[in-house]
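Remarks on the structure that follows.
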Amino acid sequence: MSAAKFSFSPDTLAAIAADGLAHARALGASDAEFEVSEGYGLSVTARMGEVENIEHNRDKGVSVTVYIGQRKGNASSSDFSPAAVKATVAAAIDIARYTAEDDCAGLADPALFARAPADPGLLYAWNIGVPEAIEVAKTAEAAAFAVSPMIRNSEGASISAQHSQFVYANSRGFMGGYPASRHYISCSVIAAKSARAKNAMQRDDWYVSGRDAAAFPDPARIGDYCARRALSRLGARRISTRQCPVLFEAPVAVGLIGSLVSAASGGSLYRKTSFLVDALGKQIFAPHVRISEDPAVPKGLASGPFDDEGVATRKRDVVDRGVLQGYFLSSYSARKLGMRSTGNAGGCHNMLLHPTDDADFAGMLDKLGTGLLVTELMGQGVNYVTGDYSRGAAGYWVEGGRIAFPVEEITIAGNLKDMYLGLVAAGADLVTRGSMTAGSVLIDRMTIAGD
């Protein structure tokens, strides 16, 4: 990996932030916070062996939030010039003068700030050139077509190499920032048994993402696996309405953890739009379930020594032995709830559903026995007030621990409260999607709506 090619030094970003804060003070702000950032990257998509898209991006921006007492104003700009920074601060001041007071508004408690935060080592530059990027995308797609002549079409293969850096500072003495990278390779293809079988087409996709592209598998492996997933869905059919165990494949199982984060987030809690209101310290999962948050995972996509307010992040168990141990709170939501920030302004940090044993995917199919394997979910049918869960789904019917046939056009339904308590097992076939990692998850019983 080569060095990153940023346009500004970290010292320059820090100086811009410091100047912005000083101007906010001069204009009468009682407090202020300032973030300055820049990023660059390359994205390439190839489809049907031809280049479809090449995009270079180079962005920068400043964002300032000011407080006049407990009145808040925010403004942003993409111009780093001193005059533009001053104008942006002035705009935020003007907004603050006309907003209503909010007794929970304000900067984070300085006692919670990260102290001298070190660079977390999240930058792995991938300064790939356009010709090489095209070759990577074409290689992934070509490998998919090479699997079978029944791979009839493609939605394309893409690569993206992105790099960014930022500095966040506030008027209570915090300043910190670091560079980071985020890259991916993806492929999506369409399978059909014959060229004319328009009503029997199936698509699937696969991707890998991470900080360090050197850790990615060969692009051909991504395309090959994507094609095999699409082919395995041919001949899919509906099943009759029933109740049965459901196994969520790892990439969709992470969504169950995402639902926990949404329901346990401060905004949902203080608005009382969550089924987890007043659930702290209570049993919400089966007793063998443990879910942790670790902001110091090496190369983690959600790693970082502090949150969006400068509050120090920390490793913790969010769920232990099935009991909810903590919420996800910013300073604002914590004040609303009469609690303390958990360092989650901006989101969660590398959530992990710990495997309940060493079962791999085949082992989880054995645990399922006879039931539904879900590999794709559609729609947004989660009611966080009640916990009611209803999603369009596709996957496979499993009998005796073996996949029998593909399934489509069904709906799975339940309630997250029951699903969490009925979590039979979490597999060791871990997959990371964004800020969350999980293996496949077996739920004891859900309702399947089909024919």
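The values are calculated or read from the model by the stated rules, or taken from the named source; none is laboratory data. Just so it is clear, the model here is predicted, and its values are computed rather than measured. Positions of Cβ are generated from backbone atoms using ideal geometry, with glycine treated the same way; all protein chains shown enter the neighbour counts. Quick note on the areas: whole protein, heavy atoms, side chains included, nothing else; ligands and nucleic acids left out. Shrake-Rupley method; radii C 1.70, N 1.55, O 1.52, S 1.80 Å.
Odds and ends about this structure:
- Listed residue (Gly434, Met175, Ser43) projecting farthest to the positive dipole end of the chain, Cβ model: Gly434
- Average accessible area per residue (Å²) across the chain - probe 1.4 Å, nucleic acids and ligands excluded: 43
- Computed label-point distance, nm, for sites Gln325 and Arg238 using a 7 Å Cα→Cβ extension: 4.5
- Angle in degrees between helix 10-26 and the longest Cα principal axis of the chain, rounded to the nearest 10: 50
- Rounded to the nearest whole Hz, the Karplus-based 3J(HN,Hα) values (6.51 cos²θ - 1.76 cosθ + 1.60, θ = phi - 60°) of the stretch 82-89 follow the sequence x, 5, 5, 4, 5, 5, 5, 4, with x at glycine and proline.
- The smallest convex shape that holds all Cα atoms of the stretch 111-208, its convex hull, gives 149 Å³ per residue.
- Residues in the stretch 29-39 carry Karplus couplings, in order, of 5, 7, 8, 7, 9, 9, 10, 10, 8, 8, x Hz; the curve used is 6.51 cos²θ - 1.76 cosθ + 1.60 with θ = phi - 60°, and Gly or Pro positions show x.
- Neighbour net charge for Asp212 - beta-carbon separation under 13 angstrom, K R +1, D E -1: +3
- Global form of the stretch 195-271, assessed from the alpha-carbon gyration tensor, a/c cut-off 1.5: oblate
- According to the Kirkwood relation over distinct C-alpha pairs, the hydrodynamic radius of the chain is 24.2 Å.
- If you count Lys pairs in the chain whose Cα atoms are under 30 Å apart, skipping same-chain pairs closer than 8 places in sequence, the total is 26.
- Share of carbon and sulfur in the accessible area of the chain stands at 50%, probe radius 1.4 Å.
- Cα gyration tensor shape of the stretch 349-451, rounded if a/c is under 1.5, else prolate or oblate by comparing a/b with b/c: oblate
- Between 0 and 90°, nearest 10: helix 219-232 axis offset from the chain longest Cα axis: 50
- Across the stretch 283-295, rounded Karplus estimates of 3J(HN,Hα) from the backbone phi angles (6.51 cos²θ - 1.76 cosθ + 1.60, θ = phi - 60°) give 6, 10, 10, 4, x, 8, 8, 10, 10, 10, 10, 9, x Hz, Gly and Pro being marked x.
- Taking all protein chains as shown and a probe of 1.4 angstrom, His163 keeps an accessible surface of around 10 Å².
- Ellipticity estimate at 222 nm from DSSP helix runs (n ≥ 4, -39,500 (n - 2.57)) divided over the chain, nearest 500: -7000 deg cm²/dmol
- Calculated FRET efficiency, Arg221 to Arg97, Cβ-Cβ distance, R0 = 56 Å: about 0.45 to the nearest 0.05.
- Computed log10 I(q)/I(0) for the stretch 341-406 at 0.13, 0.15 Å⁻¹: -0.61, -0.76, from the Debye equation with unit scatterers placed on every C-alpha and solvent omitted.
- Between helix 250-263 and the chain: long-axis angle, C-alpha atoms, 0 to 90°, nearest 10: 40
- The mean sequence separation of alpha-carbon pairs under 8 Å and at least six residues apart, normalised by the residue count of the chain, gives a relative contact order of 14 percent.
- Evaluated with a Cβ-only charge set (Lys, Arg +1; Asp, Glu -1), the chain carries a dipole of roughly 680 debye about its Cα centre, given to the nearest 20.
- Options Gly69, Thr99, Ala84, ranked by Cα towards positive dipole end of the stretch 27-115, top entry (Cβ charges): Ala84
- Classified by the C-alpha gyration tensor, the stretch 83-132 has an oblate form. Its axis ratio a/c, with a ≥ b ≥ c, is 1.5 or above, and a/b does not exceed b/c.
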